[in-house]
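So that we are looking at the same thing, I have put the structure below in structure tokens.
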Amino acid sequence: MVALDHDVRQPQHAIEMGLRNLRLLVGEMGEGVSESTTEGELLQRMRAELASVQAAARQIVDTQQDLIDAIRLEFDDTRPTPRTIHAHDLISRAIKSSRVLAANVTLHGAPSRLAFVADERWTERVLNNLISNSIWHSGASHILVAARRRGDHIVFEVRDNGRGMTQDKVDRVFEPLRAPAFSPVGYSAERSGLGLYNVRLFTERMGGAVECKSAPGLGTLFRLRLPGPVQVLEATPLARARRSQQFTHNRIVAILDDDEQVLRTTERAFESLGIEVYANSDPLRWLNVVTELKRMPDLFLLDFQLKGQDCSLQLDILRRKWGEARPRIIVVTGHADNPALQKIAQAVPVLRKPLSDPKFELILDVLSGTRELPAAGFL
């Protein structure tokens, strides 16, 4: 299973990074081209073609992941890893990651102040599969994703205004792929047919339930119910959200951290502001991708301690690759007393974990150009 997962992730990273480079180049071209000119029309066509290629690549990646998830859930004793999740962040990420597929579909995410405890990766996979399923198969023009509190449970709803289904198709919608004589929601000769089957497996493994309601011409509703506890958060929007539009256009951040949970949390914080992110927990894979980028990232964020070694090698390679362009590098650490860290702090800026809101604000100020990044020392 580990080898299979590794083998499909390598081409996945290559596709993602190649498309990201193209998108960044198109963005740079667009800054100096009028949309009313012939060149502007050509640029729009390039963007449309790029979006279609991205959607195709996403379908390939999703099909691979569906297969891996199904095998793990069926044959491995895989257990959820519960943690506190903010429903609004989860919905926002699912909507954002699905937009590449939704060329002619409007995606709506309802605001939510709910927090709950579940496996974050599994829950996000479930929402992504439900949304992408509606995009591919429902013929809808609008899809709404929302979260509600029902007693001690949290309920996610994915509702579309598509063609709907007959009851006999609804009854089979969460079954695994058989020899497909038809292509209702969840089944297609072009896809594995495992997406909604995995939705049911993930949900049941987390102690929840999923149901589908539909009728011809009346759209489809998927309802995901997960056990509590469920909390209602206070309405305290972060200050950085109010300033996000000042600096998010065409920015890219490269993040290396061998703590997967910290890595994904940091990645999502940047992505929620529309910033391009390449994040990885494997130092060699991260270096291979970053050094192949055609454009230097606007910021490198490196964990000090990486799989038993410090980040000196990565720093040295980044300086050799991007030295003349004066790359902006910040080392983050939870090992402030390590003697090797003191040496690194003499060469680059160092920020102590955790990345609280004030520290994240500092990073955003550096990205936006409102604050100069010191050459070295503890921030």
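Per 0.36 nm of contour for each residue apart, how much would the distance between T84 and R285 grow if the chain were fully extended, relative to their Cα-Cα spacing? Please list the in-between numbers first.
On the way: separation 201, 0.36 × 201 = 72.36 nm, distance 2.93 nm.
Going from the current span to full extension adds 69.4 nm.
While we're looking at this one, here's another question. How big is D, in µm² s⁻¹, for segment 260-299 by Stokes-Einstein at 4 °C and 1.567 mPa s if Rh is the Kirkwood radius over C-alpha pairs? Walk me through the intermediate numbers first.
Values: Rh = 11.0 Å.
Here the translational diffusion coefficient equals 118 µm²/s.
Give, in nm to one decimal, the length gained when the segment between K294 and E260 is fully stretched (0.36 nm per residue of separation minus the Cα-Cα distance). Present the calculation step by step, with values, prior to reporting the outcome.
Details: separation 34, 0.36 × 34 = 12.24 nm, distance 2.63 nm.
Net length gain for the segment: 9.6 nm.
Another question, if that's okay. Taking K and R as +1 and D and E as -1, what net charge do the other residues with C-beta under 9 Å from the C-beta of E271 add up to?
Details: positive: R93, K96, R268; negative: E267, E276.
Taking every other residue near E271 into account, the sum is +1.
Another one. Ranked from the most accessible area to the least, with a 1.4 Å probe and all protein chains present, what is the order of H142, H137? Write out the running numbers ahead of the final one.
Values: H142 85, H137 30 Å².
Listed by decreasing accessible area, they come as H142, H137.
Normalise the Cα radius of gyration of segment 242-379 by 2.2 N^0.38 Å (N = residues in it) and let me know the number. If you can, show how the numbers build up before the last one.
On the way: Rg = 13.8 Å, N = 138, 2.2 N^0.38 = 14.3 Å.
It is 0.97.
Can you tell me the alpha carbon radius of gyration of segment 105-184 divided by the globular rule-of-thumb value 2.2 N^0.38 Å? Numbers along the way, then the final one.
Working: Rg = 14.4 Å, N = 80, 2.2 N^0.38 = 11.6 Å.
Cα-based Rg divided by the globular estimate yields 1.24.
What pairs from K307/K343; K169/K213; K321/K359; K321/K353 go past 21 Å between their alpha carbons? Working shown, then result.
Numbers: K307/K343 19 Å; K169/K213 10 Å; K321/K359 27 Å; K321/K353 27 Å.
Exceeds cut-off: K321/K359; K321/K353.
Continuing with this model, one more query. At q = 0.11, 0.28 Å⁻¹, what log₁₀ I(q)/I(0) does a Debye calculation on the Cα points of segment 290-368 give, no solvent, two decimals?
-0.29, -1.43
Moving on. Starting from the Cα of E372, step 7 Å along the direction of its Cβ; do the same at D168; then give the gap between the two resulting points in nm.
7.5 nm
Around L218, what is the net charge, scoring Lys/Arg as +1 and Asp/Glu as -1 over all other residues with Cβ under 14 Å from its Cβ? Don't skip to the end; give the middle numbers.
Values: positive: R159, R163, K169, K213; negative: D160.
Within the 14 Å Cβ shell, the charges total +3.
Let me ask something else about it. Where in segment 352-371 does the amide nitrogen come within less than 20 Å of the point 7 Å from the Cα of E234, taken along Cα to Cβ?
Only 356-361 fall inside the zone, counting backbone N under 20 Å.
The values are calculated or read from the model by the stated rules, or taken from the named source; none is laboratory data. All values derive from a computational prediction rather than experimental measurement. Reconstructed Cβ throughout: ideal geometry from the backbone, glycine too, with neighbour counts over all protein chains shown. Calculation scope for accessible area: heavy atoms of the full protein, side chains included, ligands and nucleic acids excluded. Shrake-Rupley method; radii C 1.70, N 1.55, O 1.52, S 1.80 Å.
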